[in-house]
Amino acid sequence: MRFAPSPTGPLHMGGVRTALYNYLFAKQRGGDFILRIEDTDSNRFVPGAEEYIIEALNWCGIVPDEGVDADGRVVETASDRHPHAPYRQSQRRGIYRKYAEQLIANGYAYYAFDSSEDLEAARAAAEGRGETFTYNQKSRLSLCNSLTLSPEETQRRLKETTNWTIRFKMPENTVVAMDDMIRGHIEVNTDTLDDKVLWKRADELPTYHLANIVDDHLMEITEVIRGEEWLPSLPLHYMLYKAFGWEETRPRFAHLSLLLKPVGNGKLSKRDGDKMGFPVFPLRWVNAEGEASHGYREDGYFPEAFVNMLAMLGWNPGDDRELFSMDELIQAFSMEKVQKAGAKFNPDKAKWFNKEYLRMKSDEELTDLFVPILEADGIKVTGCYKCPVSHDFAASSVSKNYVKGVVALIKERATFVADFWTIAPYLFKAPQEYVEKDVAKFWKEENYTLAYKAAEHMASYEGPWTAEAVGTELEEFIRGNEWPMGKVMNCLRLALSGASSGLGIADILSFIGKEEFLSRMARAGEKLGK
Ligand code: GLU
């Protein structure tokens, strides 16, 4: 199998899905997965796109067997491991001409000399008659090509001019019968098809159609899974296999339906992502104008979650299982269960997958991912997983095991690792601000006086400092004094976390300890009045 992107920009998530399905199918059958760069259209070349594609596939764990070396570069010279190199079509340019000439020799193609002005004039004339111009069996005999010029004139032009092409000579009124692994049997009459350009003398390069067929043949591709935008090209591709005499080894084809917008109809586009705030690219991309697009990686998605979500966009295992590792996908994937209809992308479902994968990760794994986020926000993380739990709020420093404790506590509430910070920043530093409307509602002098006394009581409490014990002690103390529980608690919570909602007070206290409790009470008193 192969994935054959053109480096014309960042890979859209639909492209990653195509690569993934090829990869899964290949791996399931013990096959190889090749990355081939289809860069014959130099006008559409975008710097950095090739590197982006390789990095994105790598991030997803869709690692090519052939085409990319250990350093993540496209392989240029053949070796045992990469027998079909080079894998960039621009570096294979020498290969294609002879195949195009072979088609001419066998009567399947011809030389066309029409200038762009000629074609423009033919187009305008057709429009004048209310028709659209196509270079095909009807028009070819009134145009400038080796079918209409004398052999001598043809030879002269081939030698003396460079603005000519080789076109496929689409046969007349022939039914092309094709089979698609997803769509079944398809028939198309060649009268509806045109004479596509296969090779251009001007840049000595093949067009997509020729290069694609020749390379799939030379690279021994057995199945092609690609986007449905290539379905209209399939009859030509079938005709090319026939013309080359390669029908026996023609790959089987599967054309995947589009990914659709979350709401409404139509193809999922970058604009939908921008509008609704979800990424459509695997990695962040900055275009030539300096505009950045979101990437799943940078937005905090786990690659496993992204891959799992993508796999389910258009495929299902036939039962209601939803969570699959890459290995499980390789086992379970089947073309029969790939749907014909377009798959509606649901950004909430993408988040759901991430949340599920987050829950499956160990506290230590999550802590390791969270530490750099904390450090970027000025919190020092010290020690190791075997070291004791400690914190020094004055120095904005906590131990690794402290972070792990926080992670264990709030894991269930988080979708992304970065949520650990936004859910409970007050477990790492005293609140810098207090939510105004909560202050207005709960910050009363009499509540503060009682709350402060409760804090003092807790400072002198000598029992075990667990959330459970601390919670019970605090409640019993307030209740025993017949103080208004809700009012005191809300005041405490405001002083501890800066708001009247969030984690339970006992949980917060179990982390930050007595000293910090008193210090936050004092600080809130200073700032909000006592
Ligand atoms: N280069 C084509 C693309 O960019 C490949 C299509 C195919 O797989 O045949 O999608």
Inset, instruction - Among residues belonging to region 476-495 that are in contact with an Asp or Glu (Cβ under 9 Å, 6 or more places away or on another chain) and aliphatic (A, V, I, L, M), point out the one that is least open to solvent (accessible area, probe 1.4 Å). - result: LEU494
Legend entry - Considering residues of region 57-108 that are of a type in the set (S, T, N, Q) and farther than 25 Å from HIS237 by Cβ only, the residue surrounded by the fewest Cβ atoms within 10 Å (Cβ to Cβ): THR77
Legend entry - Verdict on GLY72 being more than 16 Å from the ligand (Cβ to nearest atom), free of Cβ contacts under 8 Å to residues at least 40 places away in the same chain and within 24 Å of MET326 (Cα to Cα): yes
Legend entry - Test: ALA414 is surrounded by fewer than 17 Cβ atoms within 10 Å (Cβ to Cβ) and over 30 Å from PHE25 (Cα atoms): no
Legend entry - Tally, over region 169-185, of residues that are more than 16 Å from the ligand (Cβ to nearest atom), over 19 Å from PHE133 (Cα atoms) and touching a strand residue (DSSP E or B) at 6+ places or on another chain (Cβ under 9 Å): 6
Legend entry - Subset of region 79-107 that is part of a helix (DSSP H, G or I) and of a type in the set (S, T, N, Q) - its residue that is farthest from PHE168 (Cα to Cα): GLN91
Legend entry - Flag for GLU152 being out of contact with any Gly (no Cβ under 6 Å at 6 or more places or on another chain), over 30 Å from GLU228 (Cβ atoms) and surrounded by fewer than 15 Cβ atoms within 10 Å (Cβ to Cβ): yes
Inset, instruction - Might you let me know whether region 276-284 holds any residue that is away from the ligand (no atom under 16 Å from the Cβ), small (Gly, Ala, Ser) and in a loop (DSSP other than H, G, I, E, B)? - result: yes
Inset, instruction - Output the qualifying pairs, or none if there are none: Cβ atoms under 6 angstrom, residues six or more apart or on different chains, first residue in region 400-414 and over 14 Å from LEU374 (Cα atoms) and modelled with pLDDT of 95 or more, second residue open to solvent by 30 Å² or more (accessible area, probe 1.4 Å) and part of a helix (DSSP H, G or I). - result: ALA408/ASP363; ILE410/ILE423; ARG413/ILE423
Inset, instruction - Looking only at region 136-143, decide whether some residue is in a helix (DSSP H, G or I), among the small types (Gly, Ala, Ser) and more than 16 Å from the ligand (Cβ to nearest atom). - result: yes
Legend entry - Selection within region 181-201 - assigned to a strand (DSSP E or B) and either among the hydroxyl-bearing types (Ser, Thr, Tyr) or open to solvent by 10 Å² or more (accessible area, probe 1.4 Å) (or both): GLY184, HIS185, ILE186, GLU187, VAL188, ASN189, VAL197, LYS200
Legend entry - Of all residues making up region 32-55, the number that are over 23 Å from LEU218 (Cα atoms), among the aliphatic types (A, V, I, L, M) and either away from the ligand (no atom under 14 Å from the Cβ) or in a loop (DSSP other than H, G, I, E, B) (or both): 1
Legend entry - Condition met for GLY295 (crowded, with 17+ Cβ neighbours inside 10 Å, modelled with pLDDT under 95 and more than 16 Å from the ligand (Cβ to nearest atom)): no
Inset, instruction - Might you check whether a residue that is more than 16 Å from the ligand (Cβ to nearest atom), in contact (Cβ under 8 Å) with a residue 12 or more places away in the chain and surrounded by fewer than 20 Cβ atoms within 10 Å (Cβ to Cβ) occurs anywhere in region 16-29? - result: yes
Inset, instruction - Inspect all residues belonging to region 496-507 and state whether any of them is more than 24 Å from ALA414 (Cα to Cα) and open to solvent by 50 Å² or more (accessible area, probe 1.4 Å). - result: no
Legend entry - Residues satisfying the stated conditions in region 318-351, i.e. touching a residue at least 40 places away in the same chain (Cβ under 8 Å) and in a helix (DSSP H, G or I): MET326, LEU329, ILE330, GLN331, MET335, PRO347, LYS349, ALA350, LYS351
Inset, instruction - Determine whether LEU256 is in contact (Cβ under 8 Å) with a residue 12 or more places away in the chain, touching a strand residue (DSSP E or B) at 6+ places or on another chain (Cβ under 9 Å), more than 23 Å from PHE25 (Cα to Cα) and within 16 Å of the ligand (Cβ to nearest atom). - result: no
Legend entry - In region 202-235, residue most open to solvent (accessible area, probe 1.4 Å) [restricted to those that are touching a Phe, Trp or Tyr at 6+ places or on another chain (Cβ under 7 Å), more than 10 Å from the ligand (Cβ to nearest atom) and farther than 23 Å from ARG44 by Cα]: HIS217
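The values are calculated or read from the model by the stated rules, or taken from the named source; none is laboratory data. Worth saying up front: this structure is predicted, and the values here are computed from it rather than measured. Every residue, glycine among them, receives a Cβ derived from its backbone with ideal geometry; neighbour counts consider all protein chains shown. In case anyone asks, the SASA skips ligands and DNA or RNA and just uses the protein heavy atoms, side chains included. Shrake-Rupley method; radii C 1.70, N 1.55, O 1.52, S 1.80 Å.
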